[in-house]
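Peer 1: Supplied in C-alpha cells, the structure appears directly below.
The values are calculated or read from the model by the stated rules, or taken from the named source; none is laboratory data. Remember, it's a predicted structure, so these values are computed and weren't measured experimentally. Backbone-built Cβ (ideal geometry, glycine too); neighbour counts: all protein chains shown.
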Amino acid sequence: MNEAVLNGLNEPTMKVQSNRETEDSLNIEYTDTVGQPLCDDPKISTRNVDVFYADNQAIHDVSLDIGAHQVIALIGPSGCGKSTYLRTLNRMNDTIDICRVKGQILLDGHDIYQKKQDPVLLRARVGMVFQKPNPFPKSIYDNVAYGPRIHGLTRNKAELDDLVEDSLIKAGLFQEVKDRLHAPGTGLSGGQQQRLCIARTIAVQPEVILMDEPASALDPIATAKIEELINELKENFTIVIVTHSMQQAARVSQRTAYFHMGRLIEVGETDQIFTNPSHELTEKYITGRFG
Amino acid sequence: MNNTDIVKQSLKKRYFKERLFKTMGMLSIVTAILFLLLLLTDIFTKAWPAFIQTRVELTVDLNEADLGIDAQSDEQAIMSADFRKPIRAALLNTFPEVTKRKQKRELYSLTSMGAEFQLRDMVIENPQLIGTQQTIQFMADDDVDAVIKGTIDRLLPESDRRVKNDKLGWIETLEASGQITTGFNWHFFAAGDSREPEMAGIKGAILGSLYTLLVTLALSFPVAVAAAIYLEEFAPKNRFIDFIEININNLAAVPSIVFGLLGLAVFINFFSMPRSAPIVGGIVLSLMTLPTIIIASRSAIKAVPPSLREAALGLGASKMQSVFHHVLPAALPGILTGTIIGMAQALGETAPLLMIGMVAFIVDIPQSVTDPSTVLPIQVFLWADSPERGFLEKTSAAIMVLLFFLIAMNAIAIYLRKKFEKKW
C-alpha cells in the first residue's frame, strides 16, 4: 500500500473486513468457464461480475483472478466485453451514467465497489493506459509530474525531478526526451506518446496497470518497444492488457483469458491457450475462423 | 454505351453544378463586402468632420477691473467671475463697425458658448494670466464650424442659408486674416454630452459603456462559466436538469427590452438602486449575456476530447481536478470567445438600458458605477434625435467609436483564442 497516496488524499486506511463471505465465494464452481480462472495468490479477484449499460448486459457472470506480478491478456472479438471488464477494475465505468456493475471485485481482498471505497484512491492504486495515446497538452515533464503532484507524493522539487526521471527511464523514454523535458508532450511521435502515458501512469506508483489495447494505434517498431516495456514492468506491477493481436498476447502475457459475447469462455496459461485450447470457441478464434 | 461513357456524360453536369455553387458563393461574399464598404464609407465620410475642430483666434484683455478678480483670488472667486466680457470685448475690437444690439448678439455667437469656460479653465490653471493680454484659440460656434467645413453652402441665397450675410462676412474676414484655424478635435474625446454640438463629447458615453461592461463581465462571466461546468460535468442527467437547459435556451431568445422592464421593476423600484446608473445597466445586461456565455461555454466544454478527462481520472485525479486542471484550460479559448461575443452584444445593446433611464441627458462624466451615465449606442440614439446640424456628424462619429470598440473586442477574442489554443 502506497502510504503517500493515502496521506495525500487524507483517506482513512481501509479496514480489514470479515473474510468469511469472500472465502465462501472463492469455492464456487464455475462450470461455464473452462481452464483455470482462479489462482492461488490473486492481486485482483472478480466473482460473478455482471455489467449493464442501461438494460443491455455487456458482461455475464465473469469470475477471474489476476495474479500478482504477472501479465494477463484479455483477448476476444470486437464487442466481447473485454474493455468493459477492464474498466470495471479501476471503476472507470463510474463516469458512464447508465453503467451498472454487479458482483464482487476484490483488490487485495477488499471490495472496490463497496460504498467506503473512494474511486480516486482506487485509481491511484490501479493505473490505466488507454488505447489512443492521450498525453495532456502540457510539457513532457508536467505530464509525468501531474499524478505525483495531485497526490502529493513528493516533498520537494528535487524529489519530483527524480521521480519524473525515474518514471521516464522505466518507460524507456528518458534517453529520447532528456534534452526536451519541457517541450510539449503532444509533439512526440505516437509510440513515444504512448510510452509517455505509461511513464505518467507509473509515476503514481500504482500496484496494477490496466492497458486497453495500448499498441493498437502504433506501428510495429513502436509496438515492439511497448511489448518489451511490458515485459520489464511485470517485475514491479501487475498488468492486465486488452489486445486484439493474438501474437501480442502470446508474446507478453503469462495467462490469457478469452472473452466471447460478454462471457469469459476460457482462461489458462498463455502457452496452453495458444497451443491446445480446450474450448471450441477459443480454438476457432485463435485459428482465425472468426473475430 | 459502356460505363465510362455514362460517367463521362454525368461529369459535365457535376462540374457545372460545382461551378454554379462556387459562383454563387463568390457572389454572396462580394455582395456582403459591398454592403459593408457602403456602410463604412457612409459613416466615415459623415463622421470625419466631427474629428476636426474649428477655432477662432482672439486676443483677450484679462484686466482685473472687467473680471473683478486678481491673481490672488481663490478658485471660488475665479469660478464665479464673468469671462464672457473679455471675449465679447475682443470680438467688438475686431469688428468695431458693429454697433446695433441685434448685430452685436449675432457677433457674439461667433465663438461657442463653451469659449468662456475654456477661458475660465485656463485662468484657474494659471491665475498669473489675470492682468495680461492673451491670444487664445477659442472654440468656434457650430454654425461657423459648419461654414468652414462646407456643410453650410456659402453660395446659397441668404434666405435659404442658416448663416446670414453679416455673419458670413465676419467669418470670411477672420478667415482672410488667418484667425480661423482648424485642428484635431481632442475636445470630442474629453467632454461629456452637451446641447451645443461643438461642445458635445463622447467621453461620458465611453466611460458609461466601460463601467456597464465591467459590471456585466464581473457578474456574468463567473456565474456563466460555473453554470456551464456544473451542467456539463457534474449535473445528473434528469428531467430537472433538462428543464433548466431548455430554460437557458429560452432565456437567450427573450427580447432584450423585457430584461430592461425587469431591471426597472426589480432593481430600481424594489431594491431602490440608482436610476441611469451603470451598475443597474450592468446587472440587466449580464442577465441578457448569461445564456449566451453559458451556451458557448457548454459547447466549448463538450468539445474537449473525453480522452483528456479519462487520462486525468485514470491517474487518480478527482472529478474537480480533472475539470479544473484539464477540461477548463482546454475549453478556455471557446469560453473566452463566447464571453467576448456576449460582451460585444452587451456593448451594442440599447433597448433594456432605455427602460432603466440610461437615456437621460447627462453632461457630467461618470466617476463610478453608481453615477448617472449613458452608453455609446444610446449616445448615438440621442444625437441622431437632435435637430442641430452639427449633431449629424457627431452621430456618425459616435457610431465610428462604437464600431472601433467592437472591432477591438473581436480582435482580442481572436488573439485570446490563438493564444490559449493547444493542439493535441
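Peer 1: Scan the range A:236-267 residue by residue and report those that are out of contact with any Lys or Arg (no Cβ under 7 Å at 6 or more places or on another chain) and part of a strand (DSSP E or B).
Peer 2: Those that are out of contact with any Lys or Arg (no Cβ under 7 Å at 6 or more places or on another chain) and part of a strand (DSSP E or B): A:ILE239, A:VAL240, A:ILE241, A:ARG255, A:THR256, A:ALA257, A:TYR258, A:HIS260, A:ARG263, A:LEU264, A:ILE265, A:GLU266.
Peer 1: Starting from the range B:232-254, take each residue that is more than 13 Å from B:ILE294 (Cα to Cα) and list its partners that are outside any helix (DSSP H, G or I), counting only C-beta distances under 9 angstrom and pairs at least six apart or across chains.
Peer 2: So the pair list comes out as B:PRO236/A:ASP97; B:LYS237/A:ASP97; B:LYS237/A:ILE98; B:ILE241/B:ALA235.
Peer 1: Scan A:ASP161, A:ASP179 and give me the residue that is assigned to a helix (DSSP H, G or I) and either within 11 Å of chain B (Cβ to nearest Cβ) or without any contact (Cβ under 8 Å) to a residue 12 or more places away in the chain (or both).
Peer 2: Every option except A:ASP161 fails the conditions.
Peer 1: Can you tell me which condition B:ILE294 does not meet? The list is (1) surrounded by 23 or more Cβ atoms within 10 Å (Cβ to Cβ); (2) out of contact with any helix residue (DSSP H, G or I) (no Cβ under 6 Å at 6 or more places or on another chain); (3) of a type in the set (A, V, I, L, M, F, W, C); (4) more than 11 Å from chain A (Cβ to nearest Cβ), and all the others hold.
Peer 2: Of everything listed in (1) surrounded by 23 or more Cβ atoms within 10 Å (Cβ to Cβ); (2) out of contact with any helix residue (DSSP H, G or I) (no Cβ under 6 Å at 6 or more places or on another chain); (3) of a type in the set (A, V, I, L, M, F, W, C); (4) more than 11 Å from chain A (Cβ to nearest Cβ), B:ILE294 misses just condition (2).
Peer 1: Out of the range A:92-125, which residues are within 9 Å of chain B (Cβ to nearest Cβ) and either within 27 Å of A:GLY191 (Cα to Cα) or in a helix (DSSP H, G or I) (or both)?
Peer 2: A:MET92, A:ASP94, A:THR95, A:PRO119, A:VAL120, A:LEU121, A:LEU122, A:ARG123, A:ALA124, A:ARG125
Peer 1: In addition: Mind checking whether some residue in the range A:203-217 is farther than 30 Å from A:LEU38 by Cβ, assigned to a helix (DSSP H, G or I) and not hydroxyl-bearing (Ser, Thr, Tyr)?
Peer 2: yes
Peer 1: Could I ask something else about it? Could we say that B:ALA413 is assigned to a helix (DSSP H, G or I), farther than 24 Å from B:VAL266 by Cα, among the hydrophobic types (A, V, I, L, M, F, W, C) and at pLDDT below 90 here?
Peer 2: yes
Peer 1: Within the range B:1-60, track down each residue that is surrounded by 10 or more Cβ atoms within 10 Å (Cβ to Cβ) and among the polar types (S, T, N, Q).
Peer 2: Selection gives B:GLN9, B:SER10, B:THR23, B:SER28, B:THR31, B:THR41, B:THR45, B:GLN53, B:THR54, B:THR59.
Peer 1: Name the single residue, out of those in the range B:295-310 being assigned to a helix (DSSP H, G or I) and of a type in the set (A, V, I, L, M, F, W, C), that is nearest to A:VAL144 (Cα to Cα).
Peer 2: If we take residues in the range B:295-310 being assigned to a helix (DSSP H, G or I) and of a type in the set (A, V, I, L, M, F, W, C), then B:LEU308 is nearest to A:VAL144 (Cα to Cα).
Peer 1: Just for the range B:235-247: of the residues that are within 13 Å of chain A (Cβ to nearest Cβ) and touching a helix residue (DSSP H, G or I) at 6+ places or on another chain (Cβ under 9 Å), which one is surrounded by the fewest Cβ atoms within 10 Å (Cβ to Cβ)?
Peer 2: B:ILE241
This table checks each residue for (1) closer than 17 Å to B:ALA311 by Cα; (2) buried (at least 21 other Cβ atoms within 10 Å of the Cβ).
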| site | (1), (2) |
| --- | --- |
| A:THR154 | no, no |
| A:GLY172 | no, no |
| A:LEU181 | no, no |
| A:GLY185 | yes, yes |
| A:ARG200 | yes, yes |
| A:LEU210 | yes, yes |
| A:THR256 | no, yes |
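Peer 1: Can you pull out the helices (runs of 4 or more DSSP H) entirely within the range B:124-234 that have at least 3 residues that are under 19 Å from the mean Cα position of the chain (by Cα) and exposed (fewer than 15 other Cβ atoms within 10 Å of the Cβ)?
Peer 2: B:186-190
Peer 1: What number goes with the only condition from (1) more than 21 Å from A:HIS151 (Cβ to Cβ); (2) within 14 Å of chain B (Cβ to nearest Cβ); (3) surrounded by fewer than 21 Cβ atoms within 10 Å (Cβ to Cβ); (4) not acidic (Asp, Glu) that A:ALA68 does not pass?
Peer 2: Tallying (1) more than 21 Å from A:HIS151 (Cβ to Cβ); (2) within 14 Å of chain B (Cβ to nearest Cβ); (3) surrounded by fewer than 21 Cβ atoms within 10 Å (Cβ to Cβ); (4) not acidic (Asp, Glu), A:ALA68 fails exactly one: (2).
Peer 1: Considering (1) in contact (Cβ under 8 Å) with a residue 24 or more places away in the chain; (2) under 21 Å from B:ILE362 (Cα atoms), say which one B:MET273 fails and leave the rest.
Peer 2: (1)
Peer 1: Residues that are within 12 Å of another protein chain (Cβ to nearest Cβ) and touching a strand residue (DSSP E or B) at 6+ places or on another chain (Cβ under 6 Å): does the range B:329-336 have at least one?
Peer 2: no
Peer 1: I'd like to know if the range A:71-81 contains one or more residues that are part of a helix (DSSP H, G or I), buried (at least 23 other Cβ atoms within 10 Å of the Cβ) and away from every other protein chain (no Cβ under 14 Å).
Peer 2: no
Peer 1: Please tell me if B:ALA346 is more than 13 Å from B:LEU217 (Cα to Cα) and among the aliphatic types (A, V, I, L, M).
Peer 2: Here the answer is no, as B:ALA346 does not meet what is asked.
Peer 1: Now, a different point. Give A:SER167, A:SER139 a once-over and let me know the one that is surrounded by 24 or more Cβ atoms within 10 Å (Cβ to Cβ), of a type in the set (Ser, Thr, Tyr) and within 14 Å of chain B (Cβ to nearest Cβ).
Peer 2: Residue meeting the stated conditions: A:SER167.
Peer 1: If the requirement is being over 13 Å from the mean Cα position of the chain (by Cα) and either within 14 Å of another protein chain (Cβ to nearest Cβ) or farther than 26 Å from A:ALA215 by Cβ (or both), which of these qualifies: A:VAL129, A:VAL144?
Peer 2: Only one candidate qualifies: A:VAL144.
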